[in-house]
Amino acid sequence: MFYLGLDVHGKWSTVEGFNPETGAVIEIDRLPNTRQAMYDALGALEGPLHGAMEAGTNAFSMKWMLDPLFERLLVADPSPLWDRRRDRGAKSDRQAQRSRPKATAAVSPAWGGRRRTGVWTA
């Protein structure tokens, strides 16, 4: 089992996560956003996988592509993942992705619909 935080960008993503049963930690920097690269990297992890990513430009297309790998993959509102009062200073990708695995189980999705023949339902 792994809890993963994904920071999705246009051409690549960063991934960080942990296995609460074994204590194993994973960090992947600049993972290409291609189906093959994602499936090679994430498919090698011991499942089930639980993940969270911020809602953004291509978060939903990445969710649809990655859903088969995850037991639960949330596209979340970024505001609860980043505490602006507590987390002072510049926001970095590394800080943001580290906050996601810990929050994965508690975050409610910004969108949790299903894709059915081109019709989106929430």
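The values are calculated or read from the model by the stated rules, or taken from the named source; none is laboratory data. All values reported here derive from a predicted model rather than from experimental measurement. Note that each Cβ is placed from the backbone with ideal geometry, even for glycine, and that neighbours are counted across all protein chains shown.
Summary of values
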item	result
Members of region 16-38 that are closer than 18 Å to Leu74 by Cα and out of contact with any helix residue (DSSP H, G or I) (no Cβ under 7 Å at 6 or more places or on another chain)	Asn19
Yes/no for Arg98 being within 24 Å of Ala24 (Cα to Cα) and either at pLDDT below 70 or surrounded by 12 or more Cβ atoms within 10 Å (Cβ to Cβ) (or both)	yes
Residue in region 31-53 that is at pLDDT below 85 and in a helix (DSSP H, G or I) present	no
